Number of protein chains: 2
Amino acid sequence: MADQPPTIYDVARVAGVAASTVSRAFARPGLVSSATAERIRQVAAELGYRANPLARALPNGRTSMIALAISDITNPFYNEIIRGAQVAATEARYTILLADTQESGVVEREALDRAMASVEGIVLATTRMSDSAIRVMAKQRPVIVLNRAVSDVPSVVTDNPRGVRRAAEHLAELGHRRITYAAGPEASWADGIRWRSLREAAMELELQVRRIGPHAPTVAGGAEAAAAFVRNPTTAVIAYNDRVAIGLIRALNAEGFAVPGDVSVVGFDNIFAADLVTPPLTTVAAPLHAMGWTAVHNLLALIGGASSRATEAVSLPSHLVVRASTARRSRKRR
Amino acid sequence: MADQPPTIYDVARVAGVAASTVSRAFARPGLVSSATAERIRQVAAELGYRANPLARALPNGRTSMIALAISDITNPFYNEIIRGAQVAATEARYTILLADTQESGVVEREALDRAMASVEGIVLATTRMSDSAIRVMAKQRPVIVLNRAVSDVPSVVTDNPRGVRRAAEHLAELGHRRITYAAGPEASWADGIRWRSLREAAMELELQVRRIGPHAPTVAGGAEAAAAFVRNPTTAVIAYNDRVAIGLIRALNAEGFAVPGDVSVVGFDNIFAADLVTPPLTTVAAPLHAMGWTAVHNLLALIGGASSRATEAVSLPSHLVVRASTARRSRKRR
DNA sequence: TTGAAAGCGCTAACAT
DNA sequence: ATGTTAGCGCTTTCAA
């Protein structure tokens with residue numbers, strides 16, 4: 001009474017051919033006479049045959065699955081990235097295995113260990129792993145790191161230097177001369193490069209910059225940053241990301257600072273909420289969808305045997321979205 | 001030179017036992033003398049042996065994977081749900097396979113077809129499928145539907161009637177007598193029950209209600225709703241979800257309506273942005289994390305053989321979060 | 001162009 | 001308590 005799904009043998013029997021022929025008909029149609037191929041297709045359709053992906057994967061490891069590791073899926077930053085990844089995966093008929101690592105290195109290790117064997121490649125969208133741990137992992141399976149550069153491992157990043165530069169220019173044009181950088185987590189690769197790029201840009205643009213932090217990359221972290229900021233305010237701040245910027249603005253308002261009246265704020269990422277808050281946030285928009293898409297696309301290329309000379313980071317352009325959280329420096333000194 | 005991962009045979013050989021014994025040592029330790037079990041564990045550790053989950057799954061179908069189908073992963077509503085699901089899955093050492101169906105019935109069908117065979121059960125967090133299609137699917141694999149009730153299929157929903165009731169009471173207490181419901185997508189189960197519940201609550205509370213819509217469940221949908229609303233305004237509106245509420249408020253502001261001065265607005269879901277917009281949104285909060293967790297937890301129970309007499313919907317409590325988008329009805333007539 | 005047969009790594013009877 | 005032996009459903013030589 002068990003209504004098991006039909007196997008390749010069922011198809012073979014009904015079509016009057018050997019199982020291997022059925023297999024070929026699907027995998028390498030060229031090796032089968034078009035007549036039999038057609039018949040097999042017919043029978044398969046009638047029987048509702050669908051190759052069992054697990055069984056298929058066993059002999060040759062082609063599971064048609066890739067893992068997407070994200071340390072905090074709660075972060076709205078990832079939504080569009082996941083969508084992009086999903087689109088690229090679907091195009092290639094791959095399935096995404098989600099590894100939300102819940103901000104814990106241990107959970108991450110376990111999740112990836114578990115997933116490793118079932119998966120043809122991995123996109124590390126965010127990870128607690130050290131560079132060397134990542135390199136080790138990359139030895140075993142194709143890996144693409146997102147939003148971080150790890151030497152010898154292909155990556156996809158946004159053009160942070162350019163984004164930061166645009167933000168600084170924008171602020172400079174508005175008359176600001178001193179800029180505070182509200183840093184994100186210490187371990188963040190993006191944080192490091194943003195701060196470095198800002199210093200370089202400041203040099204050229206003859207701005208003064210200083211850094212406060214580190215802070216958690218959250219609204220709460222932004223509030224923390226505000227506390228540090230008010231002790232020695234400037235007329236402009238660039239925040240590690242939009243959530244920090246939002247938290248900062250709210251806390252600043254509570255302290256009696258007007259944004260952008262007294263201080264201009266720019267964030268990073270252009271998350272969904274950036275356009276919804278008051279004032280709408282000026283922010284360096286990352287090409288979220290493209291990042292997810294590109295990461296998976298390149299991963300699949302790697303899996304397909306592309307030389308990983310794509311070892312250099314692929315850099316995707318970001319752009320400044322000017323909204324209302326930045327304005328001309330007000331005359332009154334601050 | 002291939003550095004293949006060790007197999008069960010490697011462990012068996014080194015430990016000087018049969019492969020089946022190794023298998024037992026891991027799966028049913030009780031059936032192995034503690035001495036050999038210990039030795040096997042040793043050897044396995046030394047060799048860095050990890051059972052190949054695919055190979056393990058083939059004989060008995062226990063893939064330790066479940067699918068999570070979401071039609072629009074772009075919707076921030078799902079972030080916490082996914083996290084909850086992930087936590088429950090991780091607890092049971094299951095892995096989540098993500099099926100973002102990109103709002104397309106076709107993509108969904110394909111994605112699920114592909115995933116079906118690799119997965120022990122499915123959580124339908126959002127789906128385009130008809131009730132009957134879902135029932136068919138539930139015949140083949142354990143299924144839990146989230147946020148929708150399908151007869152004969154176990155589900156997890158939030159207590160919409162109670163949430164709506166609380167929203168209506170809140171508005172009534174503030175002196176509002178006429179409420180507009182800005183509907184979501186026609187196909188949405190939640191939309192249906194919200195509107196029905198609102199009518200019932202209105203009856204008891206002696207309120208007048210009317211409905212506008214359907215609208216897309218997005219900020220743009222909210223703007224649409226505003227256009228319809230202004231043609232015949234009321235002093236209060238309950239929106240299908242937070243995104244619609246936010247879009248509505250913005251469009252209303254653009255039309256010269258103050259919120260909550262002229263019109264009070266309440267949303268649903270309490271998404272991340274709800275607390276960030278101006279005014280902060282009064283909303284019926286869904287227990288997002290718990291929903292994801294419960295869905296997966298119950299699914300795993302089903303997989304574990306629990307009688308699906310859990311066929312009735314599990315209803316999780318929601319609660320009203322009062323923020324600043326609702327206020328006492330202003331005297332001036334509208 | 002097709003068939004036969006030997007696995008992929010693991011589990012689960014069935015023996016011993 | 002442990003070993004033997006078939007498979008799970010598919011792919012892939014190797015022959016024919």
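Things worth noting here:
- For the stretch B:18-28, the candidate set comprises residues that are of a type in the set (A, V, I, L, M, F, W, C) and either more than 9 Å from B:Val43 (Cβ to Cβ) or more than 9 Å from DNA strand D (Cβ to nearest atom) (or both); within that set, the residue that is nearest to the chain's Cα centre (by Cα) is B:Ala27.
- Those residues of the stretch B:88-121 which are under 21 Å from A:Ala115 (Cα atoms), β-branched (Val, Ile, Thr) and at the interface with chain A (Cβ under 7 Å from one of its Cβ atoms), in sequence order: B:Thr90, B:Thr95, B:Ile96
- Residue check for A:Val14: within 44 Å of the chain's Cα centre (by Cα) and either on the phi > 0 side of the Ramachandran plot or of a type outside the set (D, E, K, R) (or both): no
- Screening B:Leu31, B:Leu54 for residues that are within 30 Å of A:Asp72 (Cβ to Cβ), within 11 Å of DNA strand D (Cβ to nearest atom) and without any contact (Cβ under 8 Å) to a residue 60 or more places away in the chain leaves exactly one candidate, B:Leu54.
- Residue-level analysis places B:Gly48 among those that are more than 30 Å from B:Ile82 (Cβ to Cβ) and within 11 Å of chain A (Cβ to nearest Cβ).
- Pick from the stretch A:249-293, criterion under 11 Å from A:Val321 (Cα atoms) and out of contact with any strand residue (DSSP E or B) (no Cβ under 6 Å at 6 or more places or on another chain), ranking: nearest to the other protein chains (Cβ to nearest Cβ): A:Asp275
- Residue within the stretch A:255-264 that is of a type in the set (Phe, Trp, Tyr) and within 20 Å of A:Pro76 (Cβ to Cβ) present: no
- Scanning the stretch A:1-50 for residues that are more than 8 Å from DNA strand C (Cβ to nearest atom), surrounded by fewer than 17 Cβ atoms within 10 Å (Cβ to Cβ) and among the hydrophobic types (A, V, I, L, M, F, W, C) gives A:Met1, A:Ala2, A:Ala27, A:Ala45, A:Leu47.
- Conditions (1) part of a helix (DSSP H, G or I); (2) surrounded by fewer than 23 Cβ atoms within 10 Å (Cβ to Cβ); (3) of a type in the set (Asp, Glu); number of the one not met by A:Asp191: (2)
- Checking each residue in the stretch B:22-62 for being in contact with a Pro (Cβ under 7 Å, 6 or more places away or on another chain) and part of a loop (DSSP other than H, G, I, E, B) picks out B:Gly48, B:Tyr49, B:Arg50.
- Test: residue in the stretch A:54-72 that is within 13 Å of DNA strand C (Cβ to nearest atom), of a type in the set (Ser, Thr, Tyr) and surrounded by 21 or more Cβ atoms within 10 Å (Cβ to Cβ): yes
- Residue in the stretch B:227-235 that is touching a helix residue (DSSP H, G or I) at 6+ places or on another chain (Cβ under 8 Å) and surrounded by fewer than 20 Cβ atoms within 10 Å (Cβ to Cβ) present: yes
- Meets criteria (under 30 Å from B:Leu98 (Cβ atoms), part of a helix (DSSP H, G or I) and not assigned by TED's automatic domain parsing to the domain that holds B:Val123) for B:Pro5: no
The values are calculated or read from the model by the stated rules, or taken from the named source; none is laboratory data. Quick caveat: nothing in here was measured; it's all calculated off a predicted structure. No Cβ is skipped: glycine too gets one built from the backbone with ideal geometry, and neighbour counts run over all protein chains shown.
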